[in-house]
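Peer 1: Can you read through this structure? Questions will come right after.
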Amino acid sequence: MFEFFAAVAGALAVSGPVVKNLGELARGALDLCKLAEWVWKRVCQRVPEAQRQPVIRRALTEAASLPPQQFEQKVHEIIERELADQSPADRQAAKDYLSLIPEMIRTTFRSKKDPSGRTLPDNLNIQRSLDLLPFLPPRPPRFKVNDPVPGKPEWIFVERLGIGGFAEVWKARHQRFANMTSVIKICLDPQSQERLVKHEATILNQILRHGRHPGIVALRGVSLGSDPPWLEYEYAEGGDLHQFLLRHPWPVEKREARAWSIIRTLAGTLGYFHRLNPKVIHRDIKPSNVFLQRRANGAMVCLIGDFGIGDLAVQKDLADAATQARQPTFAVSGLSTSLRFAHTAMYASPQQKAGAAPQPTDDIYALGVMWYQLLVGDPTRPMDHEWRDELEALGVSPATIDHIAECVRKDATKRPADGTELAQRLAGEAVAVGSPPSVQSRRAGSVDAAL
Ligand SMILES: Nc1ncnc2c1ncn2[C@@H]1O[C@H](COP(=O)(O)OP(=O)(O)OP(=O)(O)O)[C@@H](O)[C@H]1O
Ligand SMILES: [Mg+2]
C-alpha cells in the first residue's frame, strides 16, 4: 500500500502546498486529470514497470478492505514520512483527501460477484494516468462527522453517504432528537452551484409543492443561500435499488413480473411529474436513484430519489466524460461498467447526450435501460446491441421485449410520450407476463409483492 499512497501524497504537493492545490481542485481550477498525471509519474518513478500492476492491485485491495482506523493509521505514517517538510495543515489536508480513497475504490468495484466492492476485477489493468481517475476523489472532503449543517441550526452531519461529481451526500440528524434524520446533498462543484441557484429553482419549487407524492423521496427543503447550497431529502432506510439488486439477486423466473411491477410503479410516479405545468423531468433515472422504504403502515415502497437535481448530476458527469475523454479507453481496462461517468451515460437518451432540452421521453429511455438491467439481474450491465438476444435467451416474453424496445427508441417521438402513457400501457397488459395486476398495490409506489 505504501508505494501507491506515497505517490498520491507526493502528487498533492507537486505544484504548491497541499491546501492550495486541493483548494484549486475544489474550485475547478485544477482538474483531476492533472492530479492523476502527477500521481502516475510518481508511481512510475517509484515502482519498476514489471511490478507496477501487482503493487497497485495490492494497494487498492488493501485500502478497500482495511478497517477505517487501520487505514487511517497507515495514511498517517505515510504522510508523516512523505510530507515531513510540509506544514501541519498541509499534512492534515493530505490525510483528509486520502481518507476518501477506500470509499472511491469500493464504489467503483461494487459488482454482482462482490457487492461490498472489495474485490478487484481480474482484468483490471492500470496503464496510464487516466486509469487512476476512478480512485481519486473529485475534491477534498468539505465536512466531517459532527460538523454542524450550515444554515440548519441544531443539525449535525452523522455519516457520509457518498462523494460524487457535484455533491457531497450526508446523513444528518437533529442534535437532540436522534431519530430526526435527513439526507443533505451539498452542491460543491462551482458550475453546478451556479446552475442550481440560477436555473433549477423553478423545478425545485414545483417539487416542493408536489413533494408529498408518495412515490418520491420527499424533498424536505432547499438552502440556496447558504455556502455551500444544499438540498434536504427524506432518508430512505432501505437503501437504493442498485445495491439491493447486487446483494439480493432475484431468481430468473421471478424477474419479469418483479421488473414489470417496479417499472410500472416508477412510470406512474414519473408520469405525475411529467404532466405538471411546467413539466418536471427527472433526467437521472437509474437503479441507484430508486430507493426502498418501509412506510409506517408496513408497506415496502419504491421511491424515486434525487428529484430536481438529476440534470445537475448528469450534465456534470457527461461534461467530465467529454472533456477528459476517458470513456473509450476504459473499455479495455475492465472498468467500463463500474465507472461513475460511464454509468451515467448508460441511461442518458441520445437527446440528453446531445444537450437537448429535457423531455419526458428522456426518463422513458432511462426506464427502458433500467428495465433491461432488472431482467438480466445486473444493474452494472450496459445495454448493448445484443440486448434482445440476451433477454430472449432468458425466456423474457416478446411483450416485455417490445415495451423495452419502444422505451429505448432512438427517435424520442416513437417512445411512449411520458410516464403516464407507459404506466397505462403496462397496466392494460400486466397479465400477459404472468404478473397479476394485483402485484401493484392500490397505494402509489408500493411494490411489496415485487420484493
Ligand atoms: N435519500 C436518501 N436516502 C438514503 N440514502 C441516500 C439518499 N440519497 C442518496 N443516498 C445514498 O447516498 C449515496 C450517494 O448518493 P448519490 O445520489 O450521490 O449517488 P448516485 O445516485 O450514484 O449518483 P447521482 O444521483 O449523483 O447521479 C448512495 O449510496 C445513495 O444510495
Ligand atoms: Mg443519487
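Just so you know, all these numbers are worked out from the coordinates, no wet-lab data involved. Note that the structure is predicted; figures quoted are calculated from it, not measured. FYI the Cβ positions are ideal-geometry reconstructions off the backbone, even for glycines, and counts take in every protein chain you see.
Peer 1: Restricting to bridges with both residues inside the chain, how much of the DSSP beta-bridge set is antiparallel, in percent to the nearest 5?
Peer 2: That works out to approximately 95 percent antiparallel.
Peer 1: Considering only Cα-Cα distances, which of the following residue pairs are longer than 21 Å: 144/185; 113/171; 20/152?
Peer 2: On the way: 144/185 14 Å; 113/171 28 Å; 20/152 29 Å.
Distance filter (> 21 Å) returns 113/171; 20/152.
Peer 1: Please turn the phi angles of the stretch 263-276 into ³J(HN,Hα) values with the Karplus equation 6.51 cos²θ - 1.76 cosθ + 1.60 (θ = phi - 60°), one per residue in order, whole Hz, x for glycine and proline.
Peer 2: Coupling constants for the stretch 263-276: 5, 5, 4, 5, 4, x, 5, 4, x, 4, 6, 4, 9, 6 Hz.
Peer 1: Quick one: what are the phi-derived ³J(HN,Hα) couplings along the stretch 165-177, Karplus 6.51/-1.76/1.60 with θ = phi - 60°, whole Hz, x for glycine and proline?
Peer 2: With the stated coefficients, the stretch 165-177 comes to x, 10, 9, 9, 10, 10, 8, 10, 8, 5, 4, 9, 10 Hz.
Peer 1: Search the structure for amide H atoms under 5 Å from the amide H of residue 155, placed 1.01 Å from N in the peptide plane, and list their residues when 5 or more places away or on another chain.
Peer 2: Amide H neighbours of residue 155: 149, 175.
Peer 1: Take every Cα pair under 8 Å in the chain that's 6+ residues apart, average their separations, divide by the length, and report that relative contact order as a whole percent.
Peer 2: Averaging sequence separation for qualifying contacts and normalising by length gives 14 percent for the chain.
Peer 1: Would you list 372, 235 from fewest to most Cβ contacts within 10 Å?
Peer 2: Ascending Cβ contact count within 10 Å gives the list 235, 372.
Peer 1: What does the net charge come to around residue 146 if you take all other residues with beta carbon closer than 12 Å to its beta carbon, with K and R at +1 and D and E at -1?
Peer 2: The answer is +1.
Peer 1: Something else about it: Enter the Cα centre distance for the pair the stretch 354-421 and the stretch 13-46, rounded to the nearest angstrom.
Peer 2: One Cα centre to the other: 40 Å.
Peer 1: Then there's this: Arrange the peptides 94-100, 295-301, 155-161 so that the one whose residues have, on average, the most other Cβ atoms within 10 Å appears first.
Peer 2: So the order, starting with the most tightly packed, is 94-100, 155-161, 295-301.
Peer 1: Quick one: Karplus J couplings for the stretch 363-374, per residue in order, coefficients 6.51, -1.76, 1.60, θ = phi - 60°, nearest Hz, x for Gly and Pro?
Peer 2: The phi angles translate into 5, 5, 4, 4, 4, x, 5, 5, 4, 4, 5, 4 Hz.
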